[in-house]
Every structure is written in structure tokens, then in C-alpha cells.
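Have a look at the structure below, then the notes.
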Amino acid sequence: MCVAPAFLPASEEMITEDKIMKISRILGITLAACLALPGIASAQKWQSLKHPPTFQTDTALLLTDGRAMVHEYNSPNWWSLTPDPSGSYLKGTWKQLGSMPSDYAPLYFASQVLPDGRVLVEGGEYNFLQGDETNLGAIYDPLKDKWTNVQPPTGWSEIGDSPAVILPNGTFMLGQNFDEAMAFFNAKKLTWTLKGSGKSDSFAEEGMELLPSGKVLLVDTQNTPNSEIFDPKTSTWTSAGSTIVDLSISAGEETGPALLRPEGTVFAMGANGTGAGHTAIFDPKTGKWKAGPDFPNNDDMADAPAAVLPDGNILCETSPLVFQSPVSFYEFDGTKFHSAPLPKQTGNLNTSYLGRLLVLPTGQILYTLADGATIDAEIYTAKGTFQSSWAPKITTAPSSVTRGSTYKISGTQFNGLTHGAAYGDDAQMNSSYALVRITNNSTKHVFYARTHNPSTMAIATGTKTVSTNFDVPSGMETGASSLVVVANGIPSAPVSVTVN
């Protein structure tokens, strides 16, 4: 049986209509049986971790050393999930990381992994479950296991659940939630630059998707059914045309995520509120939209996670009629939806906005549930595999490396063809950057070398030569090994390397 979340965010200030709707749905949520639907479900599976988390989970990110980094719900705390020596996250172990400043416990916030491997967290619709649209922020250094305060952009009294994205040049771009203002983060100085123009509506409830051109696409939530494209070269927004169907609810706010698929189109998932949610498909090459299929069973994705699987299908978590129950999972294959199984722990899976998805280096999907009541994390394994043309390709790599030293590796498509996973304004868990995985030939033990300072953060870079730096772990095993570059769970062909 699905049960309602164990929290009710409170605020004495005026709140937006989408927040009122969330609260009313929480109070009056329909309890229903959570049933898996027939389809391709028999081919896919969810598995519980051998060592479940001991804390209530929230948004998960992927560090460049292969660890999953998971926020502890309603707290300043974060935890890491490290795969076991065979590379299995299912058998991985948890360790508590350094905590954010004690006054900062965000819910529904912006987050991105920076090119140097640090993690930037900004804002929060709630702080300690108080709806204050906080403008607090902090940056995490995984080498020091330490968080540092980041001051907000000048004049920004609110950040809240603002959307963010990493541009090809590695800059963190933030759109202000209830405004058209934009800020760009200087990671070296921990300062902001305000610039950008032409936005047709505020950034409220909108998510950002990086395109192969280096531009950023988003779907408007107030000026519907318009979409917009941001050009980093000119710092301006222009219309990307009508999405044909309305992807936000009638109140003009909640919508779903949008993800670039490996074949090159963007799949945008929407909310409705009175019936099935609509979807739309954007072709960056032609600049044209077309309507996609509606979600089955009056489901929609009003604040909900999605992730691109290795075979290009998109795993979607849905629920009916905006924040109602039960939850359903589907895989979208580019044309239609296929029913997918539910996670094993279905007791509190009552509405889709509580879920988070993260693409792991194995190509599996980590699911965390941010309901403030359930302690659970599960992994989804899909049946399909990737096309060889989608994989990173190594062209230049060291044949011998020394533990504790830094090296450069070059090739093509190191950042993958997609962001990996998306939610929208309330959470970002992009994993579009190279990981380096080294496997000892004798023991078969797996080690991730921390990557940093890549030549670009662009995605779908084609035949262009790109590079990244990687640090060989000081404690890894020596001897003959194989090395691969992994992007969004898709590995390159291995190259031989000797670890000294």
C-alpha cells in the first residue's frame, strides 16, 4: 500500500500556487495499490542494495571518482556510495561525508558537478522544511571532504528551486526562479556575474537541457507553449518555437524533465492536471517540435525524474493527475511507452515528485526516494545495450602510470551524448563528464581515477578530439591493467596500462 509522506513543509509567507498544490496533494493523497504493469517489465529489474542506507535519501549526484553522493533529507548531511572491489554498486558501502554549513538543509535545490570535480549546491525551495526560497549556497571539495559557503548573486534575496546547467566552457549557469535574471559562477573566486537577456518568462519550474551546439534549451511554463534557446556566445534567449502541445499544468507552472537522447532529439515530458500528460520531441538539427505520445493511464510528470538508459530508452517515473497516486514506471523507446517494473520498496511510492534517478558508471540507475519517511535506495538494470557509435573512444592514453600521479587522456565523445538524468528545476543530477575506470588484469578489482579539468563540458562532440585529466589512486593495485573511459554508463573499448 502507498502511504502519504511523513512531512508537511510549512511557511508563514506567501507561497506559489505549485507549492499550495503540492501541500494539498500531500494532505489529501489517494492511497492505492502500487502495481507493476505488463510490458517489458520481465526483462528489467530493480534490486535492493546489499547494504541499504541508514538515512533518509534525497538527491543523488555522481562524483568524478565514481562515487555516488547522496543528500540526507532535511539535513546538511551528505553520504557517499562506493562500489565494491568488483565495481558493484549493489554491493557498495556507505560513508558519511562532510556536512554543509549547519544553517543549510535544502529541499528542491540546484546542484551540479563542476569541471574540477567539486560540487556546487545552490538555493532550496525549503530549508529545514520551511518554505523560504533560500538564497544560501555551498561548494563541496571531495579532496578535502569539506563544504564552503558561497554567497548569492548580488541582489538575489531568493534562489529557491532555480534551474542550473553547466555550459560547454565549464561555467555554472543559474536562472533565478521567479525572475528572468541569470547568474554565472566563477569557480576560482566563488563569485557571480550577472548577465543575459531576452528571456520571455521567469525561470519558475523550468529545467535546462544542453544541446550538441552548446546552446541551452528549455520549455516555458508561463509563456506556453513556447520554448526558448540560450546562446552562450551572445548571452541571449530567443524563441525555439511552439512545443505544439502544452507541457505544463493549467496553472502554468509544473512540468516534467527534458532529455537529449543518443539519436539526437530532445524528449520533453509534461504535466496536465486534468488528463494524461503530453510530451513533445525537439529536433535540434531542424529546430522543429512535434507532439509525442501522451502518457498512459492519465499519468503525467509534474515534477518527476527521468534517466537515459544505455540503449537510449528513457526511464520515466510518473503518477496521475499531478501529485496523485499510484506511481508507475515506463521506458520510452523514441516512439512509444513500455511499462516497467516498480522498485521493490513500493510502500511509500505515492507520487512521482518524490523520486530521484542517477545514471551510474555501470549503466544502471540509482533510485532514491525523498519522501522524508522511507529509508531506501535501489538500482534498476535495463536489458538493452548501447550502439558502438555512442561510446567514447580513446585515441591517446599513457601506457604506464604511477600511483598518486596525474595524467591526460584524449579521444572522442568523452562526455557522452546526453546529460544522463534530469528532473527539472527541483533537482539536477547530470553525469555528462568522463570517468576513468581501471581494472587490474589479475585480481579483476576495479578502481576509478578521479577526473578533472576536461577540455570541454560539451556533449555529443562527435569526432572532435577532447581530453580530461585523471589522478591515479594512490592505493590502487599495481600491475597489468585495462583502462576505459565511461560516459553516462557507456564505456569505451579498453586500452592496456601498467600501474606502477
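The values are calculated or read from the model by the stated rules, or taken from the named source; none is laboratory data. Owing to the predicted nature of the structure, the values given are computational and were not obtained by experimental measurement. Positions of Cβ are backbone-derived with ideal geometry, glycine not excepted, and every protein chain shown enters the neighbour counts.
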The one condition ASN186 fails out of (1) within 24 Å of ILE459 (Cα to Cα); (2) surrounded by 20 or more Cβ atoms within 10 Å (Cβ to Cβ) is (2)
How many residues of the range 399-432 are in a loop (DSSP other than H, G, I, E, B) and buried (at least 17 other Cβ atoms within 10 Å of the Cβ)? The answer is 18
Q.
Criterion first (part of a helix (DSSP H, G or I), touching a strand residue (DSSP E or B) at 6+ places or on another chain (Cβ under 9 Å) and assigned by TED's automatic domain parsing to the domain that holds TRP46) does TYR330 satisfy it?
A. no
Of LEU247, LEU321, LEU259, the only residue that is more than 22 Å from LYS383 (Cβ to Cβ), among the aliphatic types (A, V, I, L, M) and touching a His at 6+ places or on another chain (Cβ under 8 Å) is LEU247
Just one listed residue, out of PRO320, PRO398, PRO361, PRO343, is in the same structural domain as GLN130 (by TED's automatic domain parsing) and more than 27 Å from LEU81 (Cβ to Cβ), and it is PRO320
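Taking only the range 107-131 into account, find how many residues are buried (at least 18 other Cβ atoms within 10 Å of the Cβ) and acidic (Asp, Glu). It would help to see each step written out before you state the result.
Narrowing the range 107-131 to residues buried (at least 18 other Cβ atoms within 10 Å of the Cβ): 107-115, 117-127, 131.
Keeping just the survivors that are acidic (Asp, Glu) gives 122, 125.
Here the count works out to 2.
Grab the strands (runs of 3 or more DSSP E) fully contained in the range 190-281, keeping just those with 1 or more residues being crowded, with 16+ Cβ neighbours inside 10 Å, within 19 Å of the chain's Cα centre (by Cα) and not acidic (Asp, Glu). Steps first, please.
Numbers: elements: 191-194, 216-219, 226-231, 236-242, 258-260, 266-269.
So the answer is 216-219, 258-260, 266-269.
Mind telling me which of the residues TYR104, TYR140 ends up being surrounded by 18 or more Cβ atoms within 10 Å (Cβ to Cβ), touching a residue at least 24 places away in the same chain (Cβ under 8 Å), under 24 Å from THR468 (Cβ atoms) and hydroxyl-bearing (Ser, Thr, Tyr)? Talk me through it step by step, then tell me what you get.
Values: TYR104 fails: under 24 Å from THR468 (Cβ atoms).
When all the criteria are applied, what remains is TYR140.
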